[in-house]
1. Where the second residue is part of a helix (DSSP H, G or I) and surrounded by 22 or more Cβ atoms within 10 Å (Cβ to Cβ) and the first is free of Cβ contacts under 8 Å to residues at least 60 places away in the same chain and lies in region 333-355, which pairs have Cβ atoms under 9 Å and are six or more apart or on separate chains?
2. Is it the case that A475 is aliphatic (A, V, I, L, M), exposed (fewer than 13 other Cβ atoms within 10 Å of the Cβ) and in the same structural domain as R284 (by TED's automatic domain parsing)?
3. Output yes when any residue across region 219-227 is under 24 Å from G326 (Cβ atoms), acidic (D, E) and under 35 Å from the mean Cα position of the chain (by Cα), and no when none is.
4. Of the numbered conditions (1) within 18 Å of L302 (Cβ to Cβ); (2) under 23 Å from the mean Cα position of the chain (by Cα), L442 fails exactly one; give the number of that condition.
5. Go through (1) farther than 29 Å from S467 by Cβ; (2) polar (S, T, N, Q); (3) under 22 Å from the mean Cα position of the chain (by Cα); (4) modelled with pLDDT of 90 or more one by one and return the number of the condition N288 breaks.
6. From N111, N136, grab the single residue that is in a helix (DSSP H, G or I) and over 30 Å from R55 (Cα atoms).
7. Can you find even one residue in region 481-494 that is outside the structural domain of F131 (by TED's automatic domain parsing) and closer than 22 Å to F396 by Cα?
8. Whether any residue in region 82-96 is modelled with pLDDT under 90 and charged (D, E, K, R) is what I want to check.
Amino acid sequence: MSYQPRRMRNDENPYRKSTKGSSNMGYSSNKNYTKSNKSSKPAKNKSGKGVVVFRILTLAYIIITIVFYSSILRLNLLPSGYIVAFTIAEIIFTLLVAIGLGKRHKTYKLNIFCLIIAILVSCVYIYVTNFANATNDFLGSMFTQVTETEEYYVVVRNNNTYEDLADIEGEEVYTFQIGEDVTAELENQVDVTFQTGENLTAIGTSLLNGEINVIYISSSQYSMLGEEISNFKDNTKILHTANHEVEKTAEVSTEGSEYTIGNGIFNVYISGIDTSGSISNVSRSDANILATVNTKTHEVLLTSIPRDYYVTLHSKGAKDKLTHSGIYGINETITTVEDLLDVDINYYVRVNFTTVINLVDTLGGIEVYSDYSFTSQGYSFSQGYNYMDGEKALAFSRERHSFASGDNQRVKNQQAVIEAIIKKVLNSTTLLTRYTDILSSLEGCFQTNISQDEISNIVKDQLSNMSSWTIKTNALTGTGSSGPTYSLGNLNSYIMIPDSSSVADAKEQIDEVMEE
């Protein structure tokens, strides 16, 4: 018989792995394989979503950068060389961050690093953009042409029975230096006749004495009567208020003048009017400072002029206090000072009480040095440094009766307040934390005829040279006296007779700064 080997069973095959539990093992293996396949798909989706998120963040960063860049260009304060360098650096930096943030890398470490950089830079861009937009808004409001207006009051005694305008029907109404166009507006509302008084103080006194019943005066005249006649405001009431546009003298213009911002040598007249509220209201020029600027030698001379300086009004040809020139508009004040100092003034800055109060309060108060201890308007001041809020700083700036030198000391006090404000504004912490608030506080109570382009030229010139400036101060002096004024009439009131040597010295100092 031939030998035939017995066929081995599967479980006897030495080359075959044990099948014990093979079915379970096989099932388990398939199951794990299936799970592995299922888990790989979500990982792929997650990776895709991550790329989309980073690309969205990249787009947001680019948009923030564009807005920031546009706001800087819109300010127009950087020299052309700075703009070129700034643009190149911005493009390179933005591309690097965008590529690092939006492109898929082997790991997300570089994406996350670029994301952190983008967030930090975006915060800076948003902060600076806010500064730039606030500056643009402020400059826009500052350069808006404002029509100067004057309020006119129908004034009666407190103890009469008049309650509204109709009650003065048929009365004689006394005025002083008010044009027919102003009185015609009142005549259209009530049937009255007008009489012209000899001087302002006379009609105010006659009203209090009961000799006349109604007067029609400007808000500036009302303020002057409050100073000239004791308790005038306490014993009278305003029955009616009307607004009227001020008739201006010739507009201040740079045409034909060599002293312009473009030429680098110019004068700016700073007028602080004694009223609150809208800057459009005309009033007396309480603070008067001529800033002579030479951008070539980087010198600034601040020449202060006492408010009661006895000068000749340019358009009236009559003697009056300098402060009263503001009643007839800023142009009257400027042309009058041009005659006094024999200078060419092409620019002005006009502020009021509200400007001082808002600015000082926004700064969180200021420290001002006082030469004397005195009390004014309910506030006490000690010799040395005094902390002041807006109202207190204003009272300090306006006081003259407490000093033997009167207006001369008031000028020094005003300069002390200005110096304290400048120091506080230039403090780096103040600029960073309160910049936009400072600009907001000045809106509506700050006016100038300097154009935005001219301001841009000044800033660009400074950034190009980065030179330090020499700031000098000078104050005209005089002697207190009394005399008639055009605005009050022939009745004497307090005036300051200019010191001729002081005026001559001021002219000389101004000429020195204006020499190239």
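1. These pairs meet every condition: T336/L322; T336/S325.
2. Details: aliphatic (A, V, I, L, M): yes; exposed (fewer than 13 other Cβ atoms within 10 Å of the Cβ): no; in the same structural domain as R284 (by TED's automatic domain parsing): yes.
So A475 does not fit the description; no.
3. Yes; the residues of region 219-227 include at least one that is under 24 Å from G326 (Cβ atoms), acidic (D, E) and under 35 Å from the mean Cα position of the chain (by Cα).
4. Evaluating L442 over (1) within 18 Å of L302 (Cβ to Cβ); (2) under 23 Å from the mean Cα position of the chain (by Cα) leaves (1) as the failure.
5. (1)
6. Values: N111 fails: over 30 Å from R55 (Cα atoms).
From the options N111, N136, the qualifying one is N136.
7. Taking region 481-494 as the starting set, the residues that turn out to be outside the structural domain of F131 (by TED's automatic domain parsing) are 481-494.
Add one more test, that the residue is closer than 22 Å to F396 by Cα, and what stays is 494.
Taking every residue of region 481-494 in turn, at least one turns out to be outside the structural domain of F131 (by TED's automatic domain parsing) and closer than 22 Å to F396 by Cα.
8. no
The values are calculated or read from the model by the stated rules, or taken from the named source; none is laboratory data. Remember, it's a predicted structure, so these values are computed and weren't measured experimentally. Cβ: placed from backbone, ideal geometry, glycine included. Neighbour counts: every protein chain shown.
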